Amino acid sequence: MTRVDLFWLPLGAGGHSVRVNGRIYEAIAARLQGRRRYDLYHAALEIHLPEGQFVIEQAPVPDLQGEERGVVVDGPVGSRWAGRFRIFRYEIRVWRGGQIPDIAEAVDSPRRLTGDEGLARRVLEVVRDVPSLVWGRDEMATGEMWNSNSVIAWVIARSGLDARTVEPPANGRAPGWKAGLAVAEQMSLGEAKGRV
């Protein structure tokens, strides 16, 4: 059955270091913004089509065999300069037959975004056009850093699905989500102006 499902994974699922750093980040952000703390989530997509299952997500570059994971875009982490080294790079995958790591820890998931085959195919197409912005920076002046949630929000918005109705689980937030929506909108407006 054709479908596009979104999964919310607790930040740092399966990894102690990321989980601890995420909690520290959220504690500082909450204090600076004068609000309560939230659980942090990382989004990933799973697409089912007649020819197979595909996983879309942003992740660290584990090795140089990206073609085996369906890597279509990569980018720097922290700074463009640091991105010269593999440890400071991320990859965006359209992984046929792939698995979302730690999917067993997903919360309030899967969330069905569509069962329309045309839209599902559009999701796969637009991933190749994700801008390779610096992870952890706000290069496009959106008010949020670019990260894995930005990528998924961008893909959903650019594919024609309504990303603005997607919310993280209760008592949670997805840092970077609004950055993805804003960059997708900026690009759409730029394309519209180019057609005038």
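Observations on the model:
- Flag if D5 is surrounded by 15 or more Cβ atoms within 10 Å (Cβ to Cβ), at pLDDT below 90 and farther than 24 Å from S132 by Cβ: no
- Of V4, V73, V55, all but one fail to be within 19 Å of E167 (Cα to Cα), within 18 Å of the chain's Cα centre (by Cα) and either in a loop (DSSP other than H, G, I, E, B) or of a type outside the set (D, E) (or both); the exception is V4.
- Candidate set: the stretch 147-182, residues that are touching a strand residue (DSSP E or B) at 6+ places or on another chain (Cβ under 6 Å) and of a type in the set (A, V, I, L, M, F, W, C); chosen: the one farthest from S79 (Cα to Cα): L161
- Within the set E51, E46, the sole residue that is closer than 18 Å to Q99 by Cβ and out of contact with any strand residue (DSSP E or B) (no Cβ under 6 Å at 6 or more places or on another chain) turns out to be E51.
- Each residue in the stretch 109-151 was checked for being within 21 Å of P168 (Cβ to Cβ), touching a residue at least 60 places away in the same chain (Cβ under 8 Å), not hydrophobic (A, V, I, L, M, F, W, C) and not in a loop (DSSP other than H, G, I, E, B), and 7 pass.
- Candidates P60, P50, P76 - the one that is surrounded by fewer than 16 Cβ atoms within 10 Å (Cβ to Cβ) and within 17 Å of G176 (Cβ to Cβ): P60
- If you go through the stretch 139-160 and pick out every residue that is surrounded by 17 or more Cβ atoms within 10 Å (Cβ to Cβ) and out of contact with any Leu (no Cβ under 8 Å at 6 or more places or on another chain), you end up with 8.
The values are calculated or read from the model by the stated rules, or taken from the named source; none is laboratory data. Computed from a predicted model, the values in this text were never measured in an experiment. In this analysis, Cβ positions are derived from the backbone assuming ideal geometry, glycine residues included, and neighbour counts consider all displayed protein chains.
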